[in-house]
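Below is one structure, written out as structure tokens; the observations come after it.
Every number in this text was worked out from the coordinates using simple rules, so none of it is lab data. Here the structure is a predicted model, which is why all the values come from computation and not from measurement. Heads up, the Cβs are rebuilt from the backbone with ideal geometry, glycines too, and the neighbour counts pull from every protein chain shown.
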Amino acid sequence: MGTVTLGVSLAVPEPYGSLLQERRASFGDPAAHGIPTHVTLLPPTEAEAALLPAIEAHLAGIATGGRPFPMRLSGTGTFRPLSPVVFVQVVEGASACSWLQKRVRDPSGPLVRELQFPYHPHVTVAHGISEEAMDRAYAELGDYEAAWTCASFALYEQGPDSVWRKINEFPFSAGGGAPAVPAQSGSSVDAPSLHP
């Protein structure tokens with residue numbers, strides 16, 4: 001069956017998702033229309049296609065253990081010069097994102113992987129484009145605000161055309177445990193997310 005390239009993320013819902021995707025395209029980012037607007041829980045990861053049933057069961061189990069939580073975006077940030085990325089900041093919901101991404105990559109599960117960078121939940125709005133265009137993205141979205149209740153996360157597969165498509169969505173069980181991590185974990189959580 002070969003391998004597939006998978007990612008796990010929290011979708012940014014409408015109308016925010018399309019708006020940020022259009023803004024990303026307006027800054028000249030060629031990847032904008034191939035990547036649904038999201039907060040990463042697992043960056044692009046190669047996996048055996050035969051493992052998909054086990055991966056979906058693993059993710060369903062995580063969702064059962066979580067419950068919906070508030071997400072809020074506000075303003076911009078950047079990973080430059082370490083990585084050519086401008087993003088909208090997650091100012092509420094970051095602890096829940098950290099809780100989830102740790103469980104997605106649990107060493108006992110099928111999606112174990114090391115992260116290139118410490119985990120920092122964010123919504124990419126410019127990646128790998130000119131410095132001038134990234135400066136524009138940083139400035140023009142500096143006062144951006146959005147808020148919603150996050151009720152699920154999803155598994156995506158990258159096609160041969162580089163477009164990411166949702167394979168399955170995993171709703172949280174309302175009665176499950178709260179996605180929460182100790183207050184001191186913030187940016188020191190050992191995970192990734194410097195990808196488009």
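Quick one: compute the contact order of segment 3-176, relative version, from alpha carbon pairs under 8 angstrom and 6+ residues apart, as a percent. Intermediate values should be presented prior to the final figure.
On the way: 333 pairs, mean separation 58.5, N = 174.
Contact order relative to length: 34 percent.
Points 7 angstrom from Cα along the Cβ direction at Leu82 and His33: gap in nanometres?
3.3
Using 7 Å Cα-to-Cβ label points, what is the Leu51/Thr5 separation (nm, one decimal)?
Here the modelled spin labels are 1.7 nm apart.
Pop a pseudo-label 7 angstrom from the Cα along the beta-carbon direction at both Ser130 and Ser162 and give the gap in nm to one decimal.
That separation, rounded to one decimal, is 1.9 nm.
For segment 61-82 and segment 1-52, what is the centre-to-centre distance using only Cα atoms, to the nearest Å?
The distance from the Cα centre of segment 61-82 to that of segment 1-52 comes to 14 Å.
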